[in-house]
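Read the structure below first, then the notes.
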Amino acid sequence: MTSVERAKTLKKPPVYVLGCGQSISHASISSMPNLTVTAAVRSGAQAYKMAGLAPKDIDVLALYDAFTINTILFLEDLGFCKKGEGGAFVSGGRIAPGGSLAVNTNGGGLSYCHPGMYGLFLLIEAVRQLRGACDARQVGKHDVALVHGNGGVLSAQSTVILGSQATV
């Protein structure tokens with residue numbers, strides 16, 4: 001990270017942090033208040049508020065998919081669909097390559113790689129998408145990306161919204 005002024009002098013186009021949020025809901029999965037709701041509800045709300053944006057404004061999503069259910073939980077908790085409608089929301093290829101919602105364009109942790117600490121790869125992919133540097137996997141509209149990571153046992157959630165030059 002650097003200042004806007006310095007970023008403009010670098011070789012690659014800058015990407016801007018528009019909003020961010022973090023939330024922790026529990027320490028142990030056995031004390032998770034609700035197994036179908038994560039603290040992404042709160043971290044996402046914080047990030048949207050700071051950025052002045054809503055789910056409809058997001059072009060690219062990078063979601064930490066350590067388990068297959070995570071993607072659906074986070075799509076619901078971050079407001080892309082109603083709670084309980086995630087399965088229907090992703091059916092028919094909506095989030096598949098070329099689908100109407102660009103999610104985990106590098107394949108995600110379950111298909112691309114999962115070294116045990118996947119979060120940085122989410123940020124790298126989002127920055128590449130915002131810069132238009134993804135070649136065959138580049139999505140058409142790519143000015144705003146939401147990156148969401150989780151840690152612990154679905155306990156710690158972190159959301160950041162990034163933007164291209166067009167967003168500032």
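The values are calculated or read from the model by the stated rules, or taken from the named source; none is laboratory data. This one's a predicted model, so the numbers in the text were calculated from it and none came from an experiment. Ideal geometry is used to build each Cβ from the backbone, glycine not excepted, and the neighbour counts take in all protein chains shown.
Observations
- Where a residue in region 134-146 is on the phi < 0 side of the Ramachandran plot and free of Cβ contacts under 8 Å to residues at least 60 places away in the same chain and its partner, wherever it lies, is buried (at least 17 other Cβ atoms within 10 Å of the Cβ) and in a loop (DSSP other than H, G, I, E, B), with Cβ under 6 Å and at least six apart: Arg137/Thr105
- So Ala62, is it surrounded by 15 or more Cβ atoms within 10 Å (Cβ to Cβ), touching a His at 6+ places or on another chain (Cβ under 8 Å), under 28 Å from Val168 (Cα atoms) and hydrophobic (A, V, I, L, M, F, W, C): yes
- Residues of region 135-147 that are over 18 Å from Thr167 (Cβ atoms) and either in contact with a strand residue (DSSP E or B) (Cβ under 7 Å, 6 or more places away or on another chain) or surrounded by 17 or more Cβ atoms within 10 Å (Cβ to Cβ) (or both): none at all.
- Qualifying residue in region 1-23 (condition: over 21 Å from Phe121 (Cα atoms) and at pLDDT 95 or above): no
- Residues of region 107-154 that are under 19 Å from Lys56 (Cα atoms) and either in contact with a Pro (Cβ under 6 Å, 6 or more places away or on another chain) or among the basic types (Lys, Arg) (or both): Lys141 alone.
- Residue pairs meeting the criteria (Cβ under 9 Å; at least 6 apart or on separate chains; first in a loop (DSSP other than H, G, I, E, B), in region 5-29; second hydroxyl-bearing (Ser, Thr, Tyr) and surrounded by 14 or more Cβ atoms within 10 Å (Cβ to Cβ)): Pro13/Ser164; Pro14/Ser164; Val15/Ser164; Ser25/Thr38; Ser25/Ser155; His26/Ser155; Ala27/Ser155; Ser28/Ser155
- Only a single criterion out of (1) surrounded by 22 or more Cβ atoms within 10 Å (Cβ to Cβ); (2) in a helix (DSSP H, G or I); (3) without any contact (Cβ under 8 Å) to a residue 60 or more places away in the chain; (4) not basic (Lys, Arg) is not satisfied by Glu125, namely (3).
- When we screen Ala47, Ala40 for residues that are crowded, with 17+ Cβ neighbours inside 10 Å and touching a Cys at 6+ places or on another chain (Cβ under 9 Å), the only hit is Ala47.
- Restricted to region 87-111, and to residues there that are of a type outside the set (Lys, Arg) and touching a Ser or Thr at 6+ places or on another chain (Cβ under 8 Å), the residue that is surrounded by the fewest Cβ atoms within 10 Å (Cβ to Cβ) is Pro97.
- Hits in region 65-91 (condition: closer than 25 Å to Arg131 by Cα and either of a type in the set (Asp, Glu) or modelled with pLDDT under 95 (or both)): Asp65
- Scanning region 128-151 for residues that are assigned to a helix (DSSP H, G or I) and over 19 Å from Gly19 (Cα atoms) returns Asp135, Ala136, Arg137.
- Residue match in region 152-165 (condition: free of Cβ contacts under 8 Å to residues at least 40 places away in the same chain and part of a loop (DSSP other than H, G, I, E, B)): no
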